[in-house]
Structure formats: C-alpha cells, structure tokens
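**Q** Have a look at the structure that comes next, please.
The values are calculated or read from the model by the stated rules, or taken from the named source; none is laboratory data. As the structure is a computational prediction, the values presented were derived from the model and not from experiment. Here Cβ is always computed from backbone atoms with ideal geometry, including for glycine, and neighbour counts include all displayed protein chains.
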Amino acid sequence: MSKSIHENLIDLQYKLNHLKTDSKANKEEIEALAEKINHQLELEKLGQQPNTNLLEELGLAIGEFEDEHPRLAATLKSILFTLQNIGV
C-alpha cells in the first residue's frame with residue numbers, strides 16, 4: 001500500500017529537518033519548503049485541496065536536490081505522484 005500524502009509530507013519534513021548541507025542558500029530554501037509543507041499539512045487537516053503552487057515548487061526542488069540528496073528527491077517524487085493520482 002502506498003503512503004498517503006500526509007505520511008509523505010511528514011517523511012519529507014523529517015528529511016528536510018535532518019538534512020545536512022553546507023550551502024546557506026540551500027538551507028534557507030529547505031527551511032522555506034519545510035514551512036510550506038507544514039502549512040499544507042494544516043490545510044489537509046481542514047480538508048482543503050493541496051496548493052498547486054506547492055506542487056510546482058516541489059517539482060523544481062526535485063531537480064535541484066536529485067544529485068546531492070537523492071532520498072529527499074525520492075520523497076518529493078512520491079508526493080507529486082500521489083497528488084497527481086488523486087487528480088490535483
């Protein structure tokens with residue numbers, strides 16, 4: 001059984017919080033993404049639809065992190081796949 005969006009977002013948030021990177025820009029970008037994911041988790045609890053801007057940002061982040069952080073990119077891909085499957 002595949003993970004729910006909520007489970008994937010929690011997994012991604014955990015990985016973002018424990019990611020080690022030397023780049024200040026990467027850390028700021030990761031922190032901003034983690035903040036948006038937290039917001040999305042709150043929206044999901046309220047039964048609201050996922051933010052499509054977040055989907056675009058996740059897609060861009062996959063490309064940015066794929067080489068340096070493949071596990072993070074894999075989690076992002078899983079979230080995007082799940083959201084696409086539910087018709088977002």
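**Q** Right, E29: at pLDDT 75 or above, exposed (fewer than 14 other Cβ atoms within 10 Å of the Cβ) and out of contact with any Phe, Trp or Tyr (no Cβ under 7 Å at 6 or more places or on another chain) or not? Give the derivation first.
**A** Working: at pLDDT 75 or above: yes; exposed (fewer than 14 other Cβ atoms within 10 Å of the Cβ): no; out of contact with any Phe, Trp or Tyr (no Cβ under 7 Å at 6 or more places or on another chain): yes.
The answer is no for E29.
**Q** Of the numbered conditions (1) surrounded by 12 or more Cβ atoms within 10 Å (Cβ to Cβ); (2) modelled with pLDDT of 80 or more, G63 satisfies every one except a single condition; which is it?
**A** All conditions pass for G63, except number (1).
**Q** Give the range 41-53 a look and list any residue that's more than 13 Å from H6 (Cβ to Cβ) and either β-branched (V, I, T) or modelled with pLDDT under 75 (or both), or say none.
**A** If the condition is that a residue be more than 13 Å from H6 (Cβ to Cβ) and either β-branched (V, I, T) or modelled with pLDDT under 75 (or both), then Q49, N51, T52 are the ones that fit.
**Q** List every residue pair whose Cβ atoms sit under 6 Å apart, with the two residues 6 or more apart in sequence or on different chains, where the first one lies in the range 1-19 and is surrounded by 12 or more Cβ atoms within 10 Å (Cβ to Cβ) and the second, anywhere, is of a type in the set (A, V, I, L, M) and at pLDDT 75 or above.
**A** As it stands, the answer is N8/I79; K15/L72, since those pairs meet every condition given.
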